[in-house]
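A short write-up of the structure that comes next.
Where a number appears in this text, it was derived from the coordinates with a stated rule and is not lab data. From a predicted model like this one, the values you see are computed outputs, not experimental measurements. In this analysis, Cβ positions are derived from the backbone assuming ideal geometry, glycine residues included, and neighbour counts consider all displayed protein chains.
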């Protein structure tokens, strides 16, 4: 089933004491354009993220938003600057000696001096972290694709209805076209009788002129191609592959055939039918712009 290019998906999971949230949203675009927005410290995972998106999406402007809460993760460590601490201790002993007192040295007291204790971020397993982010991304993409499939089903129903209308209008053209030739023959006979003021008319000449007119206004080839295009579009609606570009091209062909019919047939009824047909084609073209 076809999918819409617009959609939204969200997933949130805690992995390795990290609360990871991923949101995916997209709008129409001619090609796939993926933008990842996340803290710069996780930029190393960007290529993997885009690779996962490319597997799930073929077309559209896709924005991926990622947040990672590491407040519960044990990723910080306290480091003692031993040389500095020893320098502080030596200085305190020297001061105590000057004052004639015993130096009051305790770990707690020494640890309060600047830069004796520093908190640093522990080295992280970047491969594991990238894998965790992509795992949550895959969950978000599943939800995103489910929404796109639902929207795609609605689009398919609307387009299928318009294809039905195009087939009805095509049938009307096919039914009306032979009548226009018969009417032309009658008008031609009446005019010749009026001009010649006689009932003695060259029937062969009438038949020849009617045949020339019939060939000029014949739309059999156009209606056959129209029906073929409609059949192909119906098949595309059932495809699991992205068909938006192919459908857009085929609808251009449908519009071209409609224009040709309109230019060939100098008939009010057919002209009105063609107007209705082209209106359905235009509405269908607008819907196809949303299909992946």
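Distance between the 7 Å Cα→Cβ label points at residue 58 and residue 271: 4.2 nm. Between residue 260 and residue 51, take the C-beta separation as r, use R0 = 41 Å, and let me know the FRET efficiency to the nearest 0.05. Taking R0 as 41 Å, the efficiency between residue 260 and residue 51 is 0.35. All distinct Cα pairs of the stretch 76-121 go into the 1/r average, and the inverse of that average, the Kirkwood radius, is 11.3 Å.
Between residue 142 and residue 240, full extension at 0.36 nm per residue minus the direct alpha carbon distance yields a gain of 33.7 nm. The stretch between residue 67 and residue 253 holds 62.3 nm of extra length on full extension. This uses 0.36 nm per residue minus the Cα-Cα distance.
Once the Cβ-Cβ distance between residue 228 and residue 175 is put in as r, and R0 is 25 Å, what FRET efficiency do you end up with, to the nearest 0.05? Each step should come with its number before you reach the end.
On the way: r = 19 Å, r/R0 = 0.76.
So, using R0 = 25 Å, E works out to roughly 0.85.
At R0 = 41 Å, how high is the FRET efficiency between residue 283 and residue 16 if r is their beta carbon distance? Nearest 0.05 is fine. Could the numbers behind the result be given before it?
Numbers: r = 51 Å, r/R0 = 1.24.
The pair residue 283/residue 16 has a calculated efficiency of 0.20.
Hey, how much of the P(r) for the stretch 1-101 falls beyond 15 Å, as a percent of Cα pairs? Roughly 73 percent, once rounded to a whole number.
Distance between the modelled labels on residue 106 and residue 31, one decimal in nanometres: 6.8 nm (7 Å Cα→Cβ projection).
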